[in-house]
Amino acid sequence: MDKFFLEVTSIASFTLRFFKEVFKPPYEFNELAKQAFMIGYKSFGLVAITGFIIGLVLTIQSRPTLAKFGAESLLAAMVAVSIVREIGPVITALIFAGKVGSGIGAELASMKVTEQIDAMQVSWTNPFKYLVVTRVVAATLMLPMLVLFSDAVGLLGAFVGVNLKGDVSSTLFFSYIFNSLEYKDLIPAIVKTFFFGFAIGLIGCYKGYYSDKGTEGVGKAANSAVVFASLAVFIIDMIAVQITSLLNY
């Protein structure tokens, strides 16, 4: 129990240091742009494949159940709301945690093992701002874009799934989707992805920045970054759903 509270206190202190450093010049815009490319652009392929499969499988699995009640016409609307509200953001965030969270944790841990972070401090470079702030900000900004992209590809997969056992025009299908979606479906789903990205980036940096010495510490940092980042995604999502429910009422 003492170890748990010590870890929470350490993460809280790390978070406060991030907010202190993020607004303090100089700003590492070049490194931020590089990390945004590495974190965001290089994740598009994995996110696209995952989103397409989610939309396709969800449509195929939902059709028989709706057909029993004669509600096949609601298939497009149901899949769209499910993907945009919950499935798209959460699954994409978990994929993001697995790919980006582990990558950040392993990268910073290996830099600590090879004493590159110590070398940066000696050379009067602020390693926290250069390594941590840029990665956390990049993760916070890139995940919402990836989620929007994943939602779009997921709806395309749903369109393919609908047409496997039918013949629905794209105009009719997407008109059903846009008629069923409202701003209250999209806005909360996008807002919470900023918190997902922030938590994933922060936890990955924390685990790497304070990893144990030795090559074993690199593996532990990558593994614990994924586990804790995924847990953080579920906790934030649970809180976001409760807040959204209260606001809707």
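Counting only residues that are of a type in the set (Ser, Thr, Tyr) and under 16 Å from residue 8 (Cβ atoms), which one in the range 198-221 is farthest from the chain's Cα centre (by Cα)?
210
Quick one: count up the residues across the range 1-32 that are within 16 Å of residue 135 (Cβ to Cβ) and polar (S, T, N, Q).
Here the count works out to 2.
Does the range 109-123 include one or more residues that are farther than 30 Å from residue 11 by Cβ and of a type in the set (A, V, I, L, M, F, W, C)?
No: the range 109-123 contains no residue that is farther than 30 Å from residue 11 by Cβ and of a type in the set (A, V, I, L, M, F, W, C).
Applying the selection to the range 176-189, what residues are surrounded by 13 or more Cβ atoms within 10 Å (Cβ to Cβ) and polar (S, T, N, Q)?
Once the filter is applied, which keeps residues that are surrounded by 13 or more Cβ atoms within 10 Å (Cβ to Cβ) and polar (S, T, N, Q), the range 176-189 yields only 180.
Can you find even one residue in the range 190-201 that is surrounded by fewer than 17 Cβ atoms within 10 Å (Cβ to Cβ) and of a type in the set (Gly, Ala, Ser)?
No.
Inside the range 85-116, can you point out the residues that are open to solvent by less than 10 Å² (accessible area, probe 1.4 Å) and over 30 Å from residue 187 (Cβ atoms)?
Passing the criteria: 105, 108, 109.
Any chance you could count how many residues in the range 117-137 are within 17 Å of the chain's Cα centre (by Cα) and surrounded by fewer than 18 Cβ atoms within 10 Å (Cβ to Cβ)?
Here the count works out to 0.
Please specify each residue of the range 114-129 satisfying the condition of being assigned to a helix (DSSP H, G or I) and closer than 13 Å to residue 17 by Cα.
Correct list: 127, 128, 129.
Can you say whether residue 225 is of a type in the set (A, V, I, L, M), in contact with a Cys (Cβ under 9 Å, 6 or more places away or on another chain), under 23 Å from residue 18 (Cα atoms) and modelled with pLDDT of 90 or more, as far as the supplied structure shows?
Answer is yes for this residue.
So that you can scan it fast, the table gives a plain yes or no per residue for (1) open to solvent by 40 Å² or more (accessible area, probe 1.4 Å); (2) under 14 Å from residue 57 (Cβ atoms); (3) over 11 Å from the mean Cα position of the chain (by Cα):
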site	(1), (2), (3)
139	no, no, no
146	no, no, no
151	no, no, yes
158	no, yes, yes
164	yes, yes, yes
169	yes, no, yes
174	yes, no, yes
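Quick one: is residue 82 over 30 Å from residue 217 (Cα atoms), open to solvent by less than 40 Å² (accessible area, probe 1.4 Å) and without any contact (Cβ under 8 Å) to a residue 24 or more places away in the chain?
For residue 82, the condition - over 30 Å from residue 217 (Cα atoms), open to solvent by less than 40 Å² (accessible area, probe 1.4 Å) and without any contact (Cβ under 8 Å) to a residue 24 or more places away in the chain - is not met.
Could you list, in sequence order, all residues of the range 28-74 that are among the small types (Gly, Ala, Ser) and exposed (fewer than 15 other Cβ atoms within 10 Å of the Cβ)?
33, 45, 67, 70, 71, 73
Looking at residue 184 and the list (1) within 19 Å of residue 138 (Cβ to Cβ); (2) at pLDDT below 85, which single condition is not satisfied?
It fails just one condition, (1).
The values are calculated or read from the model by the stated rules, or taken from the named source; none is laboratory data. Worth saying up front: this structure is predicted, and the values here are computed from it rather than measured. Cβ: placed from backbone, ideal geometry, glycine included. Neighbour counts: every protein chain shown. Heavy atoms of the whole protein, side chains included, go into the accessibility calculation; ligands, DNA and RNA do not. Shrake-Rupley method; radii C 1.70, N 1.55, O 1.52, S 1.80 Å.
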